[in-house]
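Following: one structure in structure tokens, then a few remarks.
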Amino acid sequence: MSLRNVGHSEWLAQFNSHLTNERFASGTMKYYVPRVNEFLGFLQKQHIKLHLVQPAHVDRYLRVVHRRLCLRYGRSPVDWRRGYVSPIGTFLKLALGQWPPNQKAVTERERVQLQLSERYVRWMIDVCGLAPATVYERRKEASRFLSWLGTNRVRLASLKVEHVDSYLKERAHGLRRSSISAATGWLRIFLRWLHSISQTKRDLSTAVVGPSMYAFSSIPSALRSEDTKKILAAARKDATTKGIRDYAILMLLSEYGMRASEIVALRLDDIDWRKEVVRVHHAKTGATSYLPLMLEVGNAILAYLRKGRPKTSFRQIFIRTRAPYRPFLRGGGLYDIVRKRLDDAGIIAPGRRGPHAFRHTRAVSMLRARVPLKEIGDVLGHRSVTSTMMYLKLALDDLRAIALEIPPEVRA
């Protein structure tokens, strides 16, 4: 059946059936369907065909809703958008196959910029062999720079040092020193590549100046071992499906120091129960590690698979606890989980409060156990020992313990 021939009531029936199949809670369905019904009514009044809906149309509808809510309550309501955006987004994803839609180039300048960005990606993958995560970050910076040029009507052929300086001045606003250093480094590489393919008259990469960053200048955030035990104990007491899942995730973080992206990418066939081995794909380096499946970790995962994991066709181990039941798109989805579990345990962690703090803690515990740096790097998925050496700064107390006593005559 053509998308254009499906009527209003038919779409509502299909949407209701979709929510049921995806096992949405009945309470959620009670407000999802009416709000989609209202949105479809808005589209009819505005003479907007469903297959032509764009984000701008949704924004227009939300402005109408906001005005109505302000009139009803006499003030602007707090946190109201999500209650409308979620049902509409779920419906449009069903109706259109994808939402939000892929951004399409409209003008000739946008088409050129999109082609250039895609060509840059192919070069990074085919020639440089970079990891997907690195390609993603560098492409994002390149696209941001190209978009800035388009907004300011600057052509690549006429690009000058002052244009690069103006962009960096805007880009650096509100960023930390390390973020500025990363952005300038990515831009420097992109400008050098532009010159190598004759898109700019001169190599402007030499004009990019970023803050100096010294090796191991910052101390990574880490949890104390006793704090890690408190967090795990508090999570283990939570017998809900979410608690069982979170405990298994925390066990992987604390015992292996895995990256969040590696945990959400774990699949059912990555665990060999007979050989007691877990296979870890390191997206950052492209390497694969085979780690012994520790008893407590295996039991936590097994408990989740039996009691906490929703029935789904997805092969990823960890699934979201609310419908639609989907795996996490990326590692960032674990940050809220870790923060909540830290709060539940009453832990006030220094520095960052995300999954990486467990990774740093695991590295320190292995250092204190006198595990060689090479073996620590193998567990953490590092390419070189240099990447592992940064964790030496977290074991200062151990280094002080073996420091030599200064002779009295030298003190004098």
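The values are calculated or read from the model by the stated rules, or taken from the named source; none is laboratory data. Not measured: the values here are computed from a predicted model. Glycine gets a Cβ as well: all are built from the backbone with ideal geometry, and neighbour counts include every protein chain shown.
Structure data summary
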| item | result |
| --- | --- |
| Positions within region 326-341 being surrounded by fewer than 17 Cβ atoms within 10 Å (Cβ to Cβ) and not in a helix (DSSP H, G or I), in sequence order | ARG326, LEU329, ARG330 |
| Lone unmet requirement of (1) free of Cβ contacts under 8 Å to residues at least 40 places away in the same chain; (2) crowded, with 17+ Cβ neighbours inside 10 Å for THR312 | (2) |
| Hits in region 167-179 - residues which are over 19 Å from the mean Cα position of the chain (by Cα) and of a type in the set (A, V, I, L, M) | LEU168, ALA172 |
| Failed criterion for ARG139 (all others in (1) touching a residue at least 12 places away in the same chain (Cβ under 8 Å); (2) surrounded by fewer than 12 Cβ atoms within 10 Å (Cβ to Cβ); (3) among the basic types (Lys, Arg) hold) | (2) |
| Selection status of LEU19, modelled with pLDDT of 90 or more and within 14 Å of ALA95 (Cβ to Cβ) | yes |
| Residues that are aliphatic (A, V, I, L, M), in a helix (DSSP H, G or I) and in contact (Cβ under 8 Å) with a residue 12 or more places away in the chain, drawn from region 49-65 | LEU50, VAL58, LEU62, VAL64, VAL65 |
| Test for ALA287: is it loosely packed, with under 15 Cβ neighbours inside 10 Å and either on the phi > 0 side of the Ramachandran plot or touching a residue at least 24 places away in the same chain (Cβ under 8 Å) (or both) | yes |
| Every residue from region 194-226 that is modelled with pLDDT of 90 or more and outside any loop (DSSP other than H, G, I, E, B) | LEU194, HIS195, SER196, LEU204, SER205, THR206 |
| Any hit, region 133-156, residues being within 30 Å of GLY286 (Cα to Cα), assigned to a loop (DSSP other than H, G, I, E, B) and over 21 Å from the mean Cα position of the chain (by Cα) | no |
| Positions within region 356-375 being in a loop (DSSP other than H, G, I, E, B) and either more than 20 Å from TYR290 (Cα to Cα) or among the aliphatic types (A, V, I, L, M) (or both), in sequence order | ALA369, ARG370, VAL371 |
| Members of region 330-339 found to be in contact (Cβ under 8 Å) with a residue 12 or more places away in the chain and not β-branched (Val, Ile, Thr), listed by number | ARG330, GLY331, GLY332, GLY333, LEU334, TYR335, ARG339 |
| Residue satisfying condition, being touching a Lys or Arg at 6+ places or on another chain (Cβ under 9 Å), of a type outside the set (Val, Ile, Thr) and either surrounded by fewer than 17 Cβ atoms within 10 Å (Cβ to Cβ) or touching a residue at least 24 places away in the same chain (Cβ under 8 Å) (or both), within set LEU175, LEU114, LEU168, LEU191 | LEU114 |
| Unique match (being basic (Lys, Arg), modelled with pLDDT under 95, in contact with a helix residue (DSSP H, G or I) (Cβ under 7 Å, 6 or more places away or on another chain) and under 14 Å from VAL338 (Cα atoms)) among ARG259, ARG245 | ARG259 |
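Matching residues to (1) modelled with pLDDT of 90 or more; (2) outside any loop (DSSP other than H, G, I, E, B):
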position: LYS275; (1), (2): yes, no
position: GLY286; (1), (2): no, no
position: SER289; (1), (2): no, yes
position: ALA300; (1), (2): yes, yes
position: SER313; (1), (2): no, no
position: PRO324; (1), (2): no, no
position: PRO350; (1), (2): no, no
position: GLY354; (1), (2): no, no
